[in-house]
Every structure is written in structure tokens, then in C-alpha cells.
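**Q** Submitted below is the structure of interest, expressed as C-alpha cells.
The values are calculated or read from the model by the stated rules, or taken from the named source; none is laboratory data. Because the structure is a prediction, the values reported are computed rather than measured. Counting neighbours? That spans all protein chains shown, and the Cβs are built from the backbone with ideal geometry, glycine included. Remember, those area values only see protein heavy atoms, side chains included, never the ligands or the DNA or RNA. Shrake-Rupley method; radii C 1.70, N 1.55, O 1.52, S 1.80 Å.
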Amino acid sequence: MTKTTLDKSELAVRLLDRAIRMFFDGDDTLFVMTMAHPAHLLLQNMAERKFPNGNGSKQVWDRLNADGVKVLEDGTQIETYNQFLNYLHRVPNAAKHANKLEETHVTYDEGNAAAIMAAACLHAQQLECGTPFHLTYMVWRMAVGGTFGESPDDATKEYVDINFPGIREMSKAAQLEAGRNAISALMARR
């Protein structure tokens, strides 16, 4: 039996990279979240220790707050930071616990996985362990308009348009294919 020892940031990066590939390959969102959530938790914990007042999740919530977003598309109230964290963790926690008799179902959608991966990517970049996969995912996410209310500056818009021209007018399948092609190009360069 071979034992492997990984630094926790390396473990988180590997999980997140796999989640991003699975997302663009169209794998079941539940499995994408299953890979992304522990990566997010590890990176979030490390970022909270290193940047107590400015970790990636807090930055996303601060941005939403600044943009006046108090309710997410699925109706979730996020007036407080804890409500936002509950949104990020609600589905993965519901999928792994059966503590309450009345909780017999788990409801999720792509938005849950996308939110978890976005926060995890921000943590990875902040901790300087981010990979080109993380940057590609974040640029793709901005290109399709899913940035939690962030308004990219002109330079970012230009970068997004160069890397994913016309993506907002594409079908969802074509948008995912554009992301998959960008990730495949990165893998080919390895």
C-alpha cells in the first residue's frame, strides 16, 4: 500500500481543479459540489487565519452588499455574512447529514456549485496557490455574467472579451464548451 502525504493547500487545489474540470465536462452538479466543497472549506479556513477581515468569501459578500444584493436568484436572503456562508454550505451539509427527521430531500442547482467554486477560487488566488484552472473558471464566470453582482472594470471586461468573445449570446451548452476548450488548452500545455 502506497501512502501519499499532501500539504492541505495542495489537497484543496487538486480537489478544486477536479471540480472545475467536472463542471465544464457537464458532470452532475452534486458531484461537482462534493469535490469543490472540501476544497472551499480548507482554503477558506487558511484564508481566514491569514486574512481575518478580508478572506475571499468575505470579499464576495462585501461586494454583494455594496451592490445592494440582499436576495439571491433562488430567493435566499443574504443580508448578513453568516446568511451568505449558510448559502454556500447549505447544500453540501444537507447532502452529508440526516440529523432532522423532517429533512428528507436535498435541493440544489448549478448556482450552488458555481458559488462554492467561485469562493474557493478567490481563496486560492488570495493564498497564492491558485492555478490557471482557477483563473480560467473565474474569467469564464465573469464572461457568462455570473460574478455575484460584481461589475468588472474596463480592463477586466476587455480581458474577458478577448478570451471568451460573444459568450453571453451563446447557448448554455456552447458556454460550457468554451470553458471546457479553455481548460483543455491549459491541460495540453502541461
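**Q** Contact list please: Cβ distance under 9 Å, first residue in segment 111-135 and within 18 Å of V160 (Cα to Cα) and in a helix (DSSP H, G or I), second residue open to solvent by 30 Å² or more (accessible area, probe 1.4 Å) and small (G, A, S), pairs at least six apart or on different chains.
**A** Taking only residues 6 or more apart or on different chains, the pairs are C121/G130; L122/G130.
**Q** Next question, about the same structure. For the subset of segment 154-190 comprising residues that are modelled with pLDDT of 85 or more and among the basic types (K, R), which member is nearest to D25 (Cα to Cα)?
**A** Only one residue fits best here, namely R180.
**Q** Right, something else. Quick check on segment 1-33: of everything there that is of a type in the set (S, T, N, Q) and over 21 Å from T136 (Cβ atoms), which residue is surrounded by the fewest Cβ atoms within 10 Å (Cβ to Cβ)?
**A** Here the residue is T2.
**Q** A further question on this structure: Which residues, counting only those in segment 35-53, are open to solvent by less than 80 Å² (accessible area, probe 1.4 Å) and farther than 16 Å from C129 by Cα? Lay out the reasoning, then the answer.
**A** Keep residues of segment 35-53 that are open to solvent by less than 80 Å² (accessible area, probe 1.4 Å), which gives 35-48, 51.
Correct list: M35, H37.
**Q** Hey, does segment 57-71 have a residue that's among the β-branched types (V, I, T), without any contact (Cβ under 8 Å) to a residue 60 or more places away in the chain and either touching a Lys or Arg at 6+ places or on another chain (Cβ under 6 Å) or in a loop (DSSP other than H, G, I, E, B) (or both)? Steps first, please.
**A** Taking segment 57-71 as the starting set, the residues that turn out to be among the β-branched types (V, I, T) are 60, 69, 71.
Subsequent filtering for residues that are without any contact (Cβ under 8 Å) to a residue 60 or more places away in the chain retains 71.
If we keep only those that are either touching a Lys or Arg at 6+ places or on another chain (Cβ under 6 Å) or in a loop (DSSP other than H, G, I, E, B) (or both) as well, we get none.
Within segment 57-71, not a single residue is among the β-branched types (V, I, T), without any contact (Cβ under 8 Å) to a residue 60 or more places away in the chain and either touching a Lys or Arg at 6+ places or on another chain (Cβ under 6 Å) or in a loop (DSSP other than H, G, I, E, B) (or both).
**Q** All but one of (1) open to solvent by 30 Å² or more (accessible area, probe 1.4 Å); (2) modelled with pLDDT under 85; (3) closer than 25 Å to G26 by Cβ hold for T147, so report the exception by its number.
**A** Answer for T147: the failing condition is (1).
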